[in-house]
Ligand code: DP6
């Protein structure tokens, strides 16, 4: 009735931005990501507790945060088809400085896998990915390691909208992702609200959907060939297009700040000098740099020279892992 799971966050190389169904968390387009080690979240789920309690990163969760966790466990109860009693959830991220990146995707992936295991359900990556998606869309890509593709699906019930692993972590062991924390503050507009505003008001949104969908198979091909330069170019292009469609929303959404732009400019200059480094950017000011093992130290130095207060050097990560089961 109790299980502990460790999961890693993922960084999207082709982003998910916008839902066609807010309740089931179904995206308008497919996306593709890389799971990152060593950042991780460890989550324990125990059914049969005296009452429902949710502890996230050392604090009792409240309001919508708590509701999202408990709603996901209600799905587990429905799948188990029996009364499992109240649940106790304890979740902790081991890299507080990268909390923004680590918390939601890794947390919901760990919760989905631990919830199913604690309920005695068999290990099933597809079922766990669908469950994780219902907590937070990008979490469906953290159930498995390596390069995972979230297929948008067509069905209204979302049963064909889940992530599959295209290449495992060992496929491209030389790839490095360097997380540059320029700003530790909470983002002003959460992804959930930002993407909703973009879908509803950005005149560029239909073009984003079409373009992102077409980029996924191209990215897959470049990963197969381990073509860092072409993949780097694709990632930057996709990040710029996600931010462009958001900038065109009403009210406009600008996630970049001057430090972000400074780093991007510096990175381009370094690239002209032969340093193989590219960036991607989620809904916040902190870029993630793509490079290879030979240049990860140079990428870290570049980030620090541009004002990064913390830097985490990551390698391709593995699957969400069951640590203990009681
Ligand atoms: C920019 O998965 O956090 O990081 O589904 O509303 O929980 P919800 O959103 P979330 O959005 C992630 C957006 C992104 C791009 C990506 O990871 O693909």
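The values are calculated or read from the model by the stated rules, or taken from the named source; none is laboratory data. None of the values given here were measured: they were computed from a predicted structure. Positions of Cβ are backbone-derived with ideal geometry, glycine not excepted, and every protein chain shown enters the neighbour counts.
Considering only residues that are within 15 Å of the ligand (Cβ to nearest atom) and either closer than 22 Å to residue 319 by Cα or more than 18 Å from the chain's Cα centre (by Cα) (or both), which ones fall in segment 167-192?
Correct list: 177, 179, 188.
State which residue pairs qualify: first residue without any contact (Cβ under 8 Å) to a residue 24 or more places away in the chain and inside segment 227-244, second residue surrounded by 21 or more Cβ atoms within 10 Å (Cβ to Cβ) and assigned to a helix (DSSP H, G or I) in any location, beta carbons under 9 Å apart, and separation of 6 or more residues or different chains.
The qualifying pairs are 237/215.
Between 23, 98, 12, 49, which is touching a strand residue (DSSP E or B) at 6+ places or on another chain (Cβ under 6 Å), at pLDDT 95 or above, within 15 Å of the ligand (Cβ to nearest atom) and farther than 20 Å from residue 123 by Cα?
None of the other options fit; the residue is 12.
Looking for something within 24 Å of the chain's Cα centre (by Cα) and surrounded by fewer than 18 Cβ atoms within 10 Å (Cβ to Cβ) - is there at least one such residue anywhere in segment 282-295?
yes
Just need a number here: residues in segment 124-157 that are over 11 Å from residue 7 (Cβ atoms), touching a helix residue (DSSP H, G or I) at 6+ places or on another chain (Cβ under 7 Å) and part of a loop (DSSP other than H, G, I, E, B).
Residues meeting the conditions: 2.
From the list 263, 322, 302, 267, exactly one residue is touching a strand residue (DSSP E or B) at 6+ places or on another chain (Cβ under 9 Å), away from the ligand (no atom under 16 Å from the Cβ) and more than 28 Å from residue 244 (Cβ to Cβ). Which is it?
Testing whether each residue is touching a strand residue (DSSP E or B) at 6+ places or on another chain (Cβ under 9 Å), away from the ligand (no atom under 16 Å from the Cβ) and more than 28 Å from residue 244 (Cβ to Cβ) leaves just 322.
If I go through segment 131-151 residue by residue, how many of them are more than 12 Å from the ligand (Cβ to nearest atom) and surrounded by fewer than 24 Cβ atoms within 10 Å (Cβ to Cβ)?
Result for segment 131-151: 2.
Take residue 198 and decide whether it is in contact (Cβ under 8 Å) with a residue 24 or more places away in the chain, within 21 Å of the chain's Cα centre (by Cα), closer than 25 Å to residue 154 by Cα and in a helix (DSSP H, G or I).
Yes, satisfied.
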